[in-house]
Amino acid sequence: MPPESLAHLQFCRVENRVLKITLDNASWLARLRFVSSQIIGELQKDNITVSQITWHVAPEKLRAEPRPKALRQRARNQSSANIVQATAEAMEDDELKRALLKVAEQLAKRPD
């Protein structure tokens, strides 16, 4: 391989007489296809039998970024409190009913 191309080589291996080469960008892939027969010839000089070369481009490395936070909180208003209160009153379990009434009270206190 041409020495200037080695910096762009990400991965290579020979498997079943196929040389698999992965590069960091497609422009180097196009350049090296021109010299593929020379690459095969050089490998044969070292007693490495290769019948073909497959070319691959490594995916771009993506930086992980935090998800954007919601621009605004959901509006909490009296109608939400009324829905929770009505649900609470339909409950037979006293503990669950008290918990829902407490949530309804907190919703009613918050401004829109």
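Rule-based calculations on the coordinates, nothing more; no lab input. Given the structure is predicted, the values throughout are model-derived calculations rather than measurements. Because the Cβ atoms are built from the backbone with ideal geometry, glycine has one as well, and the counts that use them run over all protein chains shown.
Observations, loosely collected:
- The angle between the Cα long axis of helix 36-45 and the longest principal axis of the Cα atoms of the chain comes to about 60 degrees, rounded to the nearest 10.
- Partner aspartates and glutamates for Lys102 [C-alpha distance under 14 Å; skip if fewer than 8 residues away on the same chain]: Glu89, Asp94
- Dipole moment magnitude, nearest 20 debye, the chain about Cα centre, only Lys, Arg, Asp, Glu C-beta charged: 340 debye
- Highest-MSF residue in the chain out of Leu100, Leu19, Leu29 [GNM, Cα springs under 10 Å]: Leu100
- Sparsely packed GluC sites (Glu not before Pro) within segment 76-112, loop by DSSP, other Cβ within 10 Å at most 10: Glu92
- Once the Cα atoms are used to define both axes, helix 94-109 deviates from the longest principal axis of the chain by about 80 degrees.
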